[in-house]
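Take a look at the structure below.
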Amino acid sequence: MEITAASASAYQQAGLQQEVALAVAVKAKDNIELQGKMALQLLESAAMTAVDPSSPLGQNIDIMA
């Protein structure tokens with residue numbers, strides 16, 4: 001079996017394409033993980049605090065404009 005320059009070049013090109021595809025996939029995964037962490041942080045920061053049921057807060061609604 002003889003390896004020509006063209007087949008060696010094609011093999012190197014396929015290897016490079018595979019490396020680039022892997023690098024892009026890793027970056028996409030890292031980006032998704034970061035977005036997930038940021039979404040959790042946003043949800044935690046927006047968490048509602050418990051209101052004391054004995055307080056008058058929220059007991060009356062003003063319906064007159």
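The values are calculated or read from the model by the stated rules, or taken from the named source; none is laboratory data. Because the structure is predicted, anything quoted here is derived from the model rather than measured. Heads up, the Cβs are rebuilt from the backbone with ideal geometry, glycines too, and the neighbour counts pull from every protein chain shown. To get the accessible areas, we keep the full protein, side chains included, count just its heavy atoms, and leave off ligands, DNA and RNA. Shrake-Rupley method; radii C 1.70, N 1.55, O 1.52, S 1.80 Å.
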Could you check the spin-label model distance between Gln35 and Ser54? Points 7 Å from the Cα along Cα→Cβ, value in nm.
4.8 nm
Charge dipole magnitude, Cβ of K and R +1, D and E -1 - the chain, Cα centre, debye nearest 20
120 debye
For Asp62 and Ser9, extending 7 Å from Cα along the Cα-Cβ vector and measuring point to point gives, in nm, a value of 7.9 nm
Rank Gln13, Met64, Ala46 by how far each Cα sits towards the positive end of the charge dipole of the chain (+1 on Lys, Arg Cβ; -1 on Asp, Glu Cβ) and give me just the farthest.
Gln13
Using only Cα atoms, find the angle between the long axis of helix 5-45 and the longest principal axis of the chain, and express it within 0 to 90 degrees, rounded to the nearest 10.
10 degrees
Taking only DSSP H segments of four or more residues, each worth -39500 (n - 2.57), what value at 222 nm results for the chain once the sum is divided by all its residues, to the nearest 500 deg cm²/dmol?
-23500 deg cm²/dmol
Rounded accessible area per residue of the chain, 1.4 Å, Å²
101 Å²
At a 1.4 Å probe radius, carbon and sulfur cover how many percent of the accessible area of the chain?
64 percent
How far apart, in nanometres, would the label points at Ala28 and Glu44 be if each is projected 7 angstrom from Cα along the Cα-to-Cβ direction?
2.8 nm
